[in-house]
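The values are calculated or read from the model by the stated rules, or taken from the named source; none is laboratory data. Worth saying up front: this structure is predicted, and the values here are computed from it rather than measured. Neighbour counts are summed over all protein chains in view; Cβ atoms, including those assigned to glycine, are modelled from backbone coordinates with ideal geometry. Remember, those area values only see protein heavy atoms, side chains included, never the ligands or the DNA or RNA. Shrake-Rupley method; radii C 1.70, N 1.55, O 1.52, S 1.80 Å.
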Amino acid sequence: MGDMSNSDFYAKNQRNEENHAAAFGCSVMELRSLMELRGPEAVVKLQEDYAGVEGLCKRLKTSPTEGFPGAQTDLDKRKEIFGKNLIPPKTPKTFLQLVWEALQDVTLIILEIAALISLGLSFYHPPGESNGESCGAAGGGVEDEGEADAGWIEGAAILLSVVCVVLVTAFNDWSKEKQFRGLQSRIEQEQKFQVVRGSQVIQLPVSDIVVGDIAQIKYGDLLPADGVLIQGNDLQIDESSLTGESDHVKKCVDKDPMLLSGTHVMEGSGRMVVTAVGVNSQTGIIFTLLGAGTEEEEKKEKKVKKQDGAAAMEMQPLKSAEGGESDEKEKKKRSGSKKEKSVLQGKLTKLAVQIGKAGLLMSAITVIILVLYFCIDNFVMQKNPWMPECTPIYIQYFVKFFIIGVTVLVVAVPEGLPLAVTISLAYSVKKMMKDNNLVRHLDACETMGNATAICSDKTGTLTTNRMTAVQCYIGDVHYKEIPEPGALPPKSLELLVNSISINSAYTTKILPPDKEGGLPKQVGNKTECGLLGLVMDLKRDYQPIRNQIPEEKLYKVYTFNSVRKSMSTVIKLSDGSFRMYSKGASEIVLKKCSHILNEVGESRVFRPRDKDEMVKKVIEPMACEGLRTICVAYRNFSGDPEPSWDDESSILNDLTAICVVGIEDPVRPEVPDAIKRCQRAGITVRMVTGDNINTARAIAIKCGIIHPGEDFLCIDGKEFNRRIRNEKGEVEQERIDKVWPKLRVLARSSPTDKHTLVKGIIDSTTTDQRQVVAVTGDGTNDGPALKKADVGFAMGIAGTDVAKEASDIILTDDNFSSIVKAVMWGRNVYDSISKFLQFQLTVNVVAVIVAFTGACITQDSPLKAVQMLWVNLIMDTFASLALATEPPTEALLKRKPYGRNKPLISSTMTKNILGHGVYQLVIIFTLLFVGERIFDIDSGRNAPLHSPPSEHYTIIFNTFVMMQLFNEINARKIHGERNVFDGIFRNPIFCTIVFGTFAVQIVIVQFGGKPFSCQPLNIEKWMWCVFLGLGELVWGQVIASVPNSKLRFLRRAGQLTQKDESPEEDPNEDNEEIDHAERELRRGQILWFRGLNRIQTQIDVVNTFKSGTSFQGAGALRRQSSTTSQTQDVTNVSSPSHVSLSNALSSPTSTTAATAPPTTGQC
């Protein structure tokens, strides 16, 4: 299959190779076939064909340590021969395609057909005058000749207004898609990667990487291209996105050096030479193979895409030649029961369907009554015979009735609802960019408005993430400030400087400041930067030491991970023996120390008693000042026999402590205020950190998360696990429910603890409203918690690619106060939709009742089809634009969250809708039945077919539109506020739309004539129409004065809508134990869980992949990979809901969660 779908692509490559055979020592196809090999086969092939990695680098004209010089001509040549690192995106839909899609709307199709029939019949004249008259008499008088000729106008006008509606819809979709593409490219530009060019380490956007680049890879990276490992430390890769195997694959130069794009680095670091990019990489090949299948896919995915174009690239479902069909059926079966909509969209769709059904019923009754009345009146009362030559005239009447019915339906169906949500979300997303929130999933923005809890990291989010060593304990002395180097024992100083310089990632550096007088720039891991800063404060330089022992000479590296909580590096000394330098969380490393360096730098025994004393006298006081404590230690090994490096427990033991460093990370200045605003808005902020409990508590007090004297819990991971697990070590929800309401700080927590806490809060049923949880995370292991949360925030600066993939919103400035802005925007979306609903439902109710009663009593709708379409356009498209773009105000943060189950239409809104509805109906019916006497004009009731427009009905239409215009201003406030003009000029879109609509209305009434069934009005009648419209504002004040408590029935109305709107949530509560988050939210989350189940269906793909022939899509792959990579962590959580996941993956489930090591204190 691959060969066929990509024949032109291969042919092109073939030509390229012939042309450039001489340029590099290997061709694209040779490198592609090399990358399809795994493990020992690959090593053999590399050795035989290329003389190892060095040989391969030589052929690619690059140096394994320094890269290639990076001249522009060389770069262009590489891009020409080996391709660019881009996978071409799908072509966007053209405007015409979008117009065609908009035309598929059922009500519009019905209208078009009716209009065409009406048009056709208006050109048909029955033969013979007398017959015509007798038929006309049957219909109550026929109009004169000139009027008969104008019969076609109504049909044409309807068609014209349909065209307008279609164009507006298509334009909205088009601009939305354009925005999403911009967002997508913004997300893609965010991903940068470190490469070595011309012996300089530089950061490049992923798309600029070329074959022959030497890429530096580290923990948390998403590999952007295929490559061969040159040197690696403890490197473990998660290849589940390509192979479906959830176990991490160890990579090393002599066993398995092949690294593939789209896979995640789960541990360790290293360097690789890039061998394939873009469409030639494994991901790209899959993507091109997918190309053939994407067209059909497109149709099935159309609706989903409409809602969430932002994730379009990432969300392409996994589909392979073999597993695709069954997959699709499975998917349909599942999505049949619940579409992946956000809570708000779910509620709105339900509401729209209910209103639509009511409208359908009303329109059907209207048509039936009109037809029956006509028939009974003509054929029974007046006893007229049915004359064959009169049939077209009768049909014309029936078509007229049918059009009236359809018009009622058009007005009743609130197609503006989904549009309002889309506009509001798209507008918010655009504005949130300026507030440092890069939204990856649209609905996350709206969910954020309901958030009741935020679980935040400490480092970088609440603090500045600029680490500085401020205290240290060396040679039995606790220095409160960094000492002069002369005050320290020379031996200890030497060991300390070497240990810090060698035992840290070589990518971590301190560079001179950008601006003069500024702070030095910290690059890489911030804690390591703090330690390197200590070396520089001690008047030493780390670079010469690193030059002396380059990275490839490091004998063994135990990289930092959340289980070890330490990092160790082994080097071989000149006498053949080994030395291991170690650093990590002070309590953990000190436990492994049996010796410590004394005041002269000699090693002395370090007894348990001494350890306790040190914890009390050094570590706790440092931690209580909010410092992070790091212990630096070392150990010597003899070279003969060589120790067993894989036996970690015995290697990382019996250490000699060199010093304990206290590192300060100050609280961001704006955080305390942001947290206060959250608490005022009814949102609980919890800190979840890997730091020491005393450090965490000190920072939490500085931030205002906890206030001394309050009743709160501040515990560490070990205590947390003890409290929530039963004797068998299983997590119990009742136990979590006792802990989480008071929990404010969780210290020394593992990623598993974070996930357990988030899941526990979400699944809790102790509160009346289900909790909506937002989580921040930056590390690879935060993936499961970010996925599980209702809204996952990843750090844009400090976050790893894996965390960003798992998140819904990326904080581009890593700042907690940006989360508060997201809450504000989220609440604003909810309010905007409510404003629109209040306005829309008033118009719907009034228009439908007027059309229905008017038709039944006067055999004609007072509002004509074309007028109704204009009203529909105002209230749907324009009003959704005007009301959905209201900017947020601080007042939004002064109320509690709405909660998930709150009905969309509050009692205040119901009061407003009914109140304004009554006012409008009274005015319209008064005008309809006694209007001609009030204004002293001819009555427009019971007019014959094709009669000229009457002044009477024009006044009704004009007054109706004026009332809507002024009611739109009322709709700006939904919480019963009196001043509806408050802040109106801050929303220019609203003002433009109100004035614009008014201007167009003047044109329609004065010059609309026959097509709009309007008779021009004089200034006095206009004044009356505007006056009646202004009455809406006065009446609004009257309604606001009626207290809700007096209107008991409103509460019932509210509950009714709640029951109607949320049945999809309640039954699921019981029968779907899988996961609240799966049921509720994001397409991303649901696809994740579905992806896990799909892996089984994709075993065929896996097998073929191993033989190097079948592949899967890059977008899907990025999404899929990031999610499947987390399964490892998820399986650690021993909760029943996850057992099915781990079985689906057939990976061993460990029932004991990784508990955090014990901490020094707890309150």
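Numerical summary
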item: Matching residues in segment 367-384 - criterion: being in a loop (DSSP other than H, G, I, E, B) and either of a type in the set (A, V, I, L, M) or open to solvent by 60 Å² or more (accessible area, probe 1.4 Å) (or both); result: Q382, K383
item: Those residues of segment 232-265 which are in a strand (DSSP E or B), over 23 Å from F287 (Cα atoms) and open to solvent by less than 20 Å² (accessible area, probe 1.4 Å), in sequence order; result: N233, L235, K251
item: Long-range neighbours under 8 Å by Cβ, at least six apart or interchain, first residue in a loop (DSSP other than H, G, I, E, B) within segment 431-443, second of a type in the set (S, T, Y) and open to solvent by 10 Å² or more (accessible area, probe 1.4 Å); result: N436/T812
item: Test result for H916, part of a helix (DSSP H, G or I), free of Cβ contacts under 8 Å to residues at least 60 places away in the same chain and buried (at least 17 other Cβ atoms within 10 Å of the Cβ); result: no
item: Looking only at segment 845-855, and only at residues there that are among the hydrophobic types (A, V, I, L, M, F, W, C) and open to solvent by 10 Å² or more (accessible area, probe 1.4 Å), the one that is farthest from A352 (Cα to Cα); result: F852
item: Residues that are surrounded by fewer than 19 Cβ atoms within 10 Å (Cβ to Cβ) and touching a helix residue (DSSP H, G or I) at 6+ places or on another chain (Cβ under 8 Å), drawn from segment 707-730; result: H707, P708, R723, N726
item: Search result, residues across segment 588-617 that are open to solvent by 10 Å² or more (accessible area, probe 1.4 Å), in a helix (DSSP H, G or I) and touching a residue at least 12 places away in the same chain (Cβ under 8 Å); result: I588, K591, D610, K611, M614, V615, K617
item: Test for D763: is it open to solvent by 10 Å² or more (accessible area, probe 1.4 Å) and among the acidic types (D, E); result: yes
item: Residue that is surrounded by the most Cβ atoms within 10 Å (Cβ to Cβ) [pool: residues in segment 552-572 that are at pLDDT below 85 and within 19 Å of I237 (Cβ to Cβ)]; result: F560
item: The one condition in (1) touching a residue at least 40 places away in the same chain (Cβ under 8 Å); (2) surrounded by fewer than 19 Cβ atoms within 10 Å (Cβ to Cβ); (3) hydroxyl-bearing (S, T, Y) that Y479 fails to fulfil; result: (1)
item: Residue list for segment 59-71, restricted to those being at negative phi, surrounded by 15 or more Cβ atoms within 10 Å (Cβ to Cβ) and not hydroxyl-bearing (S, T, Y); result: R59, L60, P64, F68
item: In segment 574-587, the residues that are over 46 Å from the mean Cα position of the chain (by Cα), closer than 21 Å to V497 by Cβ and open to solvent by less than 50 Å² (accessible area, probe 1.4 Å); result: S577, F578
item: Given (1) of a type in the set (A, V, I, L, M, F, W, C); (2) within 30 Å of W825 (Cβ to Cβ); (3) out of contact with any helix residue (DSSP H, G or I) (no Cβ under 6 Å at 6 or more places or on another chain), number of the condition V922 does not satisfy; result: (2)
item: Every residue from segment 802-827 that is in a helix (DSSP H, G or I) and either within 22 Å of I974 (Cβ to Cβ) or more than 15 Å from the chain's Cα centre (by Cα) (or both); result: F816, S817, S818, V820, K821, A822, V823, M824, W825, G826, R827
item: Failed condition for L75, given (1) within 16 Å of M272 (Cβ to Cβ); (2) open to solvent by less than 80 Å² (accessible area, probe 1.4 Å); result: (1)
item: Single match in S456, S424, S428, S504 (criterion: modelled with pLDDT of 85 or more, under 30 Å from Q769 (Cα atoms) and touching a helix residue (DSSP H, G or I) at 6+ places or on another chain (Cβ under 9 Å)); result: S456
item: Segment 752-782, subset at pLDDT below 80 and not polar (S, T, N, Q), residue farthest from the chain's Cα centre (by Cα); result: D768
item: Which listed residue, of P490, P483, P513, is in contact with a Lys or Arg (Cβ under 7 Å, 6 or more places away or on another chain) and modelled with pLDDT under 90; result: P513
item: Among (1) open to solvent by 60 Å² or more (accessible area, probe 1.4 Å); (2) modelled with pLDDT of 75 or more; (3) not in a loop (DSSP other than H, G, I, E, B), the one test that K332 misses; result: (2)
item: Cβ-Cβ under 8 Å pairs, at least 6 apart or on other chains, segment 253-269 side touching a residue at least 12 places away in the same chain (Cβ under 8 Å), far side among the β-branched types (V, I, T) and open to solvent by 20 Å² or more (accessible area, probe 1.4 Å); result: V253/I230; D254/V43; K255/V43; D256/V43; D256/V249; P257/V43; S269/T507
item: Any hit, segment 906-929, residues being closer than 23 Å to A451 by Cβ and aliphatic (A, V, I, L, M); result: yes
item: Residues within segment 890-906 that are modelled with pLDDT under 75 and open to solvent by less than 10 Å² (accessible area, probe 1.4 Å), tallied; result: 2
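Rundown of residues vs (1) within 30 Å of S424 (Cα to Cα); (2) touching a helix residue (DSSP H, G or I) at 6+ places or on another chain (Cβ under 8 Å); (3) open to solvent by less than 10 Å² (accessible area, probe 1.4 Å), yes/no style:
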position: E951; (1), (2), (3): no, yes, no
position: I956; (1), (2), (3): no, yes, yes
position: Q964; (1), (2), (3): yes, yes, yes
position: R986; (1), (2), (3): yes, no, no
position: F990; (1), (2), (3): yes, yes, yes
position: F995; (1), (2), (3): yes, no, no
position: A999; (1), (2), (3): yes, no, no
position: Q1006; (1), (2), (3): no, no, no
position: I1019; (1), (2), (3): no, no, no
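Here is a yes/no grid of residues against (1) outside any helix (DSSP H, G or I); (2) touching an Asp or Glu at 6+ places or on another chain (Cβ under 9 Å); (3) aliphatic (A, V, I, L, M):
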{"residue": "T992", "(1), (2), (3)": "no, no, no"}
{"residue": "G996", "(1), (2), (3)": "no, no, no"}
{"residue": "I1004", "(1), (2), (3)": "no, no, yes"}
{"residue": "P1011", "(1), (2), (3)": "yes, yes, no"}
{"residue": "P1016", "(1), (2), (3)": "yes, yes, no"}
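Results for (1) open to solvent by less than 10 Å² (accessible area, probe 1.4 Å); (2) part of a helix (DSSP H, G or I); (3) touching a residue at least 40 places away in the same chain (Cβ under 8 Å); (4) within 30 Å of D105 (Cα to Cα), shown as yes or no for each residue.
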position: T422; (1), (2), (3), (4): no, yes, yes, yes
position: Y473; (1), (2), (3), (4): no, no, yes, no
position: K491; (1), (2), (3), (4): no, yes, yes, no
position: T507; (1), (2), (3), (4): no, no, yes, no
position: D514; (1), (2), (3), (4): no, no, no, no
position: G517; (1), (2), (3), (4): no, no, no, no
position: L531; (1), (2), (3), (4): yes, yes, yes, no
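Residues checked against (1) closer than 30 Å to T908 by Cβ; (2) among the acidic types (D, E); (3) more than 43 Å from the chain's Cα centre (by Cα); (4) buried (at least 24 other Cβ atoms within 10 Å of the Cβ):
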| position | (1), (2), (3), (4) |
| --- | --- |
| V829 | yes, no, no, yes |
| V843 | yes, no, no, yes |
| I857 | no, no, yes, no |
| Q867 | no, no, no, yes |
